[in-house]
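Participant: Next up is a structure, given as structure tokens.
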């Protein structure tokens, strides 16, 4: 098998055909390293920024990251490295790498194969796989790249796997009698870590089985001396037993050890999923030996914490030969267990009689630690109330491990935390299938998905739903799905016998202090999206208390910290079943209280959207609401929102759309309209056409009769959207209705923008005379209104008509005026749009170099403004220019990049055009098969758009290939 393309197990490595590929400077290398440490996983721009600038990022960080990624794409593509898996997402990147192409994935696969062969007793095959896995390591992880705290979890995990693999390989070699070389290697390992009893056992076994009894006896004596001197303990029972075997007698008489104890409850027979969590638990627990290990499993009610820890404990029994203890700490009951009582119970399990139990907590804890020092025990502490309850129950030395479950985060303890959430959809489906039968599930797969959606993939809810269906063979999956779709009655459906989702939510809510309880109820009226803390504060009307309440909800796992947005604000989400319970609670509140929560949030969102729009790099409409200074908790965000308006819109997009939806449906149409108008500029910049159409149509449909400035602006916005999506008749109709309304209101700039929109439709459809007339009327309206921004737009639009006619001389004056106005106004976005037109002017004059320079300048501005949509169009223009100049390689790279972005943005018309250009490029360079693929892609897209003329042109190009 050839060497992997990518390598992180040592120096950062990229190889193609056995030859190294130089990736470039330190920044692209750091980006590649970060992506390779999370193969196939999403890496946010914020993570990359932290890696590249750990001391603080520059203002241009986002644009720089995009530049470095673009350079990385070009470098890999030029070297022949397949880069189809390097995906660009709205706020980050992901690199899909085949397992054989990355050494860490190949290492993990070989290690899994080795372990499977070892389990089956095939030691020869296991040894080959272990050695093949370890042979991939060329040093420390990414040893030639400056380290980053972002990498620490992944690097630690890989190093731990390497250490475990090395130990397991030694054990297999010992089993196969590879004594002589093994002795030398074990002595070397013990020199680094002389207190590891497992290494001593392997060394002594290798010496003894090789006939070197004298050395084995001396080795045991050395191990006994070291453990006594360093740890104050004697060897554990397994090492003592080996010493007695080597010496041929018991070194001294000892009282018989109590037999292994196993107090674990019965394992769940149909345990399903959670493979990743089980793997992490087992990896952590397996490190017990040199020192104790404690792991906590935390999560919201109903996520299956107890089921998971009991299942994991059963799987790990062999690693803890001295037994397993289990205690229910009753953390959320009315009377949680006292640590002293728990210690007494566990000491009895270890053979201590009541008469020998100390009276005080401290003495009992000391005796417990002493008993554990010579044993390898697994302690399972279920439903912990908090750190104070658990701390006295932890071992101090020895090879034991502790597995704790709790709804609360246990801060201040030396533990590893594994947070449990909802199940993966396929795991939840498998659990449901195990309860109701796979055949029943396969008959109605769509209804099964609806049931899982109603359960929110929460294990307890899925188990209850499955039990109800299993006990009601006459019920269909569709019937239960229908019941669960009603949010108001959903919790009533999710109860059977002693299992009930609502009971878990009630139990958690009952223990909350009042600030946290108010924050919990606020989620009942917030959108089912991740929300910033200020939104909860706006709903409750209490900034300080809301922050305290959110921290409590977070510690109690009643909300989840999803991520941190571009403004550095943490975002919280509540599981939908908990939200159903929160909604039940809010419905018990007074109507004025509920109305106050909703309007405070909606007014704050609108005020912040207005502040963001005032600072946006482009004024899409020129018709916005009269700014209102944000009040309450939102006031503190105003400056941050003005500094990074696009990032704020991006972070709040789903919440904003949901707020418009909810306000319109509840009859608060004026507020819904005011907010919807503020969203159009951002939707246009980022290409969020579905959100644009949904919000605007919803509000217009809710109006009795469109008659105010907001209605006129919404119609104008829809006209622009219809134009983008090639619905020209609808576009003209919307622009005409908008212009009529603006004229009736005496709103000259609004009328001018509607005229510009209508002119754009005429220009795109070939009506250049009508376009010229409309743009001229718009210019007159803007001049009368004193709107210099609108004047710049109209001048640029007039130039576009003359360029379409192939008359650069007539266009030049209009472009000069548009560029001057854009720069005077500081409108960088409009300047970039004008420079795109100037590039066309230069090309018509036969000046391709000047055209390329203008396009590069426009691309730089759009990159700086993070306008992915417009940047893709400019990238397409540069690619077309390169294609016309005969630079096929550069044209291909640019056009492929533009195609990826346009595909992500859903701009099907641009996607069809670029696919056709790529078809022409590959046809011209003799790659007919590739050309055929791109032509087919373009043709199918034009046909879906019902653009018959364009489809016919592409079809003719396809026929020419034959």
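The values are calculated or read from the model by the stated rules, or taken from the named source; none is laboratory data. Quick caveat, the model's predicted, so the values are computed rather than measured. Please note: Cβ atoms are built from the backbone with ideal geometry, for glycine as well, and neighbour counts cover all protein chains shown.
Participant: Conditions first: (1) within 37 Å of the chain's Cα centre (by Cα); (2) modelled with pLDDT of 85 or more; (3) buried (at least 18 other Cβ atoms within 10 Å of the Cβ). Residue 852 passes all but one, so which condition is the exception?
Facilitator: Unmet condition: (1).
Participant: Right, next: Without any contact (Cβ under 8 Å) to a residue 60 or more places away in the chain and assigned to a helix (DSSP H, G or I), is that true of residue 830?
Facilitator: Values: without any contact (Cβ under 8 Å) to a residue 60 or more places away in the chain: no; assigned to a helix (DSSP H, G or I): yes.
When the stated conditions are applied, residue 830 does not pass them.
Participant: Would you point out which residue out of 407, 463, 429, 391 is crowded, with 18+ Cβ neighbours inside 10 Å and assigned by TED's automatic domain parsing to the domain that holds residue 278?
Facilitator: 407
Participant: State whether the residues of the stretch 704-721 include one that is at pLDDT below 90, over 20 Å from residue 609 (Cβ atoms) and in contact with a helix residue (DSSP H, G or I) (Cβ under 6 Å, 6 or more places away or on another chain).
Facilitator: no
Participant: Next question, about the same structure. Residues that are surrounded by 21 or more Cβ atoms within 10 Å (Cβ to Cβ) and in contact with a helix residue (DSSP H, G or I) (Cβ under 7 Å, 6 or more places away or on another chain): does the stretch 8-17 have at least one? Spell out how you get there, then give the answer.
Facilitator: In the first step, residues of the stretch 8-17 are kept if they are surrounded by 21 or more Cβ atoms within 10 Å (Cβ to Cβ); the result is 8-9.
Retained after the next criterion (residues that are in contact with a helix residue (DSSP H, G or I) (Cβ under 7 Å, 6 or more places away or on another chain)): 8-9.
Checked the stretch 8-17: at least one residue is surrounded by 21 or more Cβ atoms within 10 Å (Cβ to Cβ) and in contact with a helix residue (DSSP H, G or I) (Cβ under 7 Å, 6 or more places away or on another chain).
Participant: Can you find even one residue in the stretch 531-551 that is in contact with a strand residue (DSSP E or B) (Cβ under 9 Å, 6 or more places away or on another chain), outside the structural domain of residue 453 (by TED's automatic domain parsing) and either modelled with pLDDT under 80 or not in a helix (DSSP H, G or I) (or both)?
Facilitator: Checked against the condition, which is being in contact with a strand residue (DSSP E or B) (Cβ under 9 Å, 6 or more places away or on another chain), outside the structural domain of residue 453 (by TED's automatic domain parsing) and either modelled with pLDDT under 80 or not in a helix (DSSP H, G or I) (or both), the stretch 531-551 yields at least one hit.
Participant: Within the stretch 275-312, how many residues are assigned to a loop (DSSP other than H, G, I, E, B), within 25 Å of residue 159 (Cα to Cα) and out of contact with any strand residue (DSSP E or B) (no Cβ under 7 Å at 6 or more places or on another chain)? Let's see the steps before the verdict.
Facilitator: Here is the first cut: in the stretch 275-312, the residues assigned to a loop (DSSP other than H, G, I, E, B) are 287-292, 299-304.
So of that shortlist, the ones also within 25 Å of residue 159 (Cα to Cα) come out as 287-292.
Filter once more, keeping what is out of contact with any strand residue (DSSP E or B) (no Cβ under 7 Å at 6 or more places or on another chain): 289-291.
Total satisfying the criteria: 3.
Participant: Here is a further query. Looking at the stretch 341-354, which of the residues that are without any contact (Cβ under 8 Å) to a residue 40 or more places away in the chain and under 44 Å from the mean Cα position of the chain (by Cα) is farthest from residue 312 (Cα to Cα)? Walk me through how you get there before you give the answer.
Facilitator: Start the filter on the stretch 341-354 by keeping residues that are without any contact (Cβ under 8 Å) to a residue 40 or more places away in the chain, which leaves 341, 344-345, 347-348, 352-354.
Subset that is under 44 Å from the mean Cα position of the chain (by Cα): 341, 345.
Numbers: 341: 26, 345: 22 Å.
Across the stretch 341-354, the extreme among qualifying residues is 341.
Participant: Can I ask one more? For residue 161, indicate whether it is buried (at least 17 other Cβ atoms within 10 Å of the Cβ) and either assigned to a helix (DSSP H, G or I) or touching a residue at least 24 places away in the same chain (Cβ under 8 Å) (or both).
Facilitator: Criteria not met by residue 161.
Participant: Something else about it: Taking residue 512 as meeting all but one of (1) in contact with a strand residue (DSSP E or B) (Cβ under 8 Å, 6 or more places away or on another chain); (2) closer than 26 Å to residue 385 by Cα; (3) not in a helix (DSSP H, G or I), write down the number of the exception.
Facilitator: The failed condition is (1).
Participant: Within the stretch 569-604, count every residue that is without any contact (Cβ under 8 Å) to a residue 60 or more places away in the chain and under 20 Å from residue 648 (Cβ atoms).
Facilitator: 3
Participant: Still on this structure: May I ask you to verify whether residue 869 is loosely packed, with under 15 Cβ neighbours inside 10 Å and at pLDDT below 85?
Facilitator: Details: loosely packed, with under 15 Cβ neighbours inside 10 Å: no; at pLDDT below 85: yes.
When the stated conditions are applied, residue 869 does not pass them.
Participant: Moving to a separate point now. Scan the stretch 734-766 for residues that are in a helix (DSSP H, G or I) and free of Cβ contacts under 8 Å to residues at least 12 places away in the same chain and report the count. Lay out the reasoning, then the answer.
Facilitator: The first filter runs over the stretch 734-766 and keeps only residues in a helix (DSSP H, G or I), leaving 734-745, 748-764.
Checking which are free of Cβ contacts under 8 Å to residues at least 12 places away in the same chain leaves us with 740, 743-744.
The number of residues fulfilling the criteria is 3.
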